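Since the structure comes first, as structure tokens, the remarks are kept for the end.
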Amino acid sequence: LPISTIGNYSFNNCSSLTSITVNDNNQYYSSDENGVMYNKNKTTLLQYPIGITETTYTIPSTVKIIGQSAFSQANPLLTTITLPDQLQEKKKNAFESSGITSITIPSNVASIDLSPFAGCINLKSINVDVNNTSYKDINFIYFNSNANSICR
């Protein structure tokens, strides 16, 4: 039987995990040639294996949601993640304790859950696309569009 549910933090502390392979017949999950796990139709990135030693990763254009803790504890060598323009949402702790140094929030992102960058000690800049109507950045602190609450 195919696995239908994988909980958050299922791959936490798996520092040797360099690839996740999902059988093509699984009706709930999929993986790509890099060993990254997604939902079946690749609209949600669920897990980037923390043992991958690449320095950059470009999230496919099909992805609209980055799942909770998807890049949590990713290898510190991974410093650059390119987000797709179609991205709409980042779940809680999406990049927690990863090695990213900068990130740009695309124009379509309307929802950022709690602490997407918690523990990202190398993060130097968060840039928000000028066409984003939900968020804006002011001196590296980013706010909702009303500039009345800090989003962390």
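Worth a mention:
Table: residues versus (1) in contact (Cβ under 8 Å) with a residue 60 or more places away in the chain; (2) open to solvent by 50 Å² or more (accessible area, probe 1.4 Å); (3) polar (S, T, N, Q); (4) more than 24 Å from Ser134 (Cβ to Cβ).
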residue	(1), (2), (3), (4)
Gly7	no, no, no, yes
Leu17	no, no, no, yes
Gln68	yes, yes, yes, no
Gln86	no, yes, yes, no
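- Segment 50-64, subset among the β-branched types (Val, Ile, Thr) and open to solvent by less than 30 Å² (accessible area, probe 1.4 Å), residue farthest from Asn75 (Cα to Cα): Val63
- Test: residue in segment 30-38 that is under 26 Å from Ser134 (Cα atoms) and under 15 Å from the mean Cα position of the chain (by Cα): yes
- Some residue of segment 27-34 being touching a strand residue (DSSP E or B) at 6+ places or on another chain (Cβ under 8 Å) and small (Gly, Ala, Ser): yes
- Residues of segment 15-34 that turn out to be within 17 Å of Leu77 (Cα to Cα) and either out of contact with any Gly (no Cβ under 7 Å at 6 or more places or on another chain) or among the polar types (S, T, N, Q) (or both), as a count: 5
- For segment 35-49, filtering for residues that are free of Cβ contacts under 8 Å to residues at least 24 places away in the same chain, within 18 Å of Ser69 (Cα to Cα) and open to solvent by 20 Å² or more (accessible area, probe 1.4 Å) leaves 4.
- One residue stands out among those in segment 103-129 that are open to solvent by less than 50 Å² (accessible area, probe 1.4 Å) and among the hydroxyl-bearing types (Ser, Thr, Tyr): the one that is farthest from Tyr38 (Cα to Cα), which is Ser125.
The values are calculated or read from the model by the stated rules, or taken from the named source; none is laboratory data. Just so you know, these numbers come straight off a predicted model, no measurement behind them. Note that each Cβ is placed from the backbone with ideal geometry, even for glycine, and that neighbours are counted across all protein chains shown. For accessibility, only protein heavy atoms count, side chains too; no ligands or nucleic acids. Shrake-Rupley method; radii C 1.70, N 1.55, O 1.52, S 1.80 Å.
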